[in-house]
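The values are calculated or read from the model by the stated rules, or taken from the named source; none is laboratory data. Nothing here was measured: the structure is a model prediction, and the numbers come from that model. Please note: Cβ atoms are built from the backbone with ideal geometry, for glycine as well, and neighbour counts cover all protein chains shown.
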Amino acid sequence: MVRNLLHTGFKALPLLWLLLTFLGCASINVEQTYKNPDIVLFHANRVLVVGMTPDYGSRERFESQLKEEFNKRGTEAVRSIDLFDVEFTASQRTEEELDKVEKQLLDKDFDAILFTKLVDTETSIALGEQIQEIGKTYDRFRDDYLIHQGIYYNQDDPRGREAYFAETSLYCICVGKQRELIWRSNVRIKETRNQNKLIRKYVKLLISSLEQEQLIIGHEPF
């Protein structure tokens, strides 16, 4: 099934808008962001990077670029495409199976999961309403994955629409903690034909946002 193993509320971050200046055209806009108020800074030695989209090629490029950026900063990153086999993402998983995955990640010294999924506008609005009550909805990776796993095999790819959303969540799976949500960002994306450029820009935005929030801290890039 798996290879070798098996918010209090949102806050506005005006500085994040400045990041869009060096990102080029205005095809990406940060809508909402949340950081666990109990977390000041967070360092991960080994992080699992998960991109949830029905397009395997885009998923591979996204996870590969994130892995490269994390490795530059002294954090080991592992792509989900190197961890989950095709069968795992092709059909629904149960709560027990996801619990087993989390436990095996912990046993193999992972301490964080960075989980990004693509959703359409209507789904994003519903998610935003749910997330306003952090702790009563998907505030751990298992629940987030269970609720949205249909994205993997849903043929209604949101990228064909004029605008859609990318939601990224950072989860801690540290020993002695409740595998809690640390940070979440909701970004509105305007459709573009150049998917490779869009992926590069989104990865740059993610890395800059995490560094600004003092999350997944490593050394400076080589």
Of all the residues that make up the range 138-153, how many are hydroxyl-bearing (Ser, Thr, Tyr), within 21 Å of residue 111 (Cβ to Cβ) and in a helix (DSSP H, G or I)? 1
Looking at residue 80, is it farther than 18 Å from residue 215 by Cα, modelled with pLDDT of 90 or more and in contact with a strand residue (DSSP E or B) (Cβ under 7 Å, 6 or more places away or on another chain)? yes
Limited to the range 166-222, what total is found for residues that are surrounded by 16 or more Cβ atoms within 10 Å (Cβ to Cβ), assigned to a loop (DSSP other than H, G, I, E, B) and either under 13 Å from the mean Cα position of the chain (by Cα) or at pLDDT 80 or above (or both)? 4
Please verify whether the range 60-77 includes one or more residues that are under 22 Å from residue 140 (Cα atoms), basic (Lys, Arg) and modelled with pLDDT of 90 or more. yes
Selection from the range 80-97 of residues assigned to a loop (DSSP other than H, G, I, E, B) and of a type outside the set (A, V, I, L, M, F, W, C) yields 85, 91, 92, 93, 94
Condition set charged (D, E, K, R) and surrounded by 15 or more Cβ atoms within 10 Å (Cβ to Cβ), scope the range 83-98, selection farthest from residue 109 (Cα to Cα): answer is 93
Looking at residue 139, is it touching a strand residue (DSSP E or B) at 6+ places or on another chain (Cβ under 6 Å), at pLDDT below 85 and buried (at least 20 other Cβ atoms within 10 Å of the Cβ)? yes
Tell me which residues, restricted to the range 32-68, are among the β-branched types (Val, Ile, Thr) and touching a strand residue (DSSP E or B) at 6+ places or on another chain (Cβ under 6 Å). 33, 39, 47, 49, 50, 53
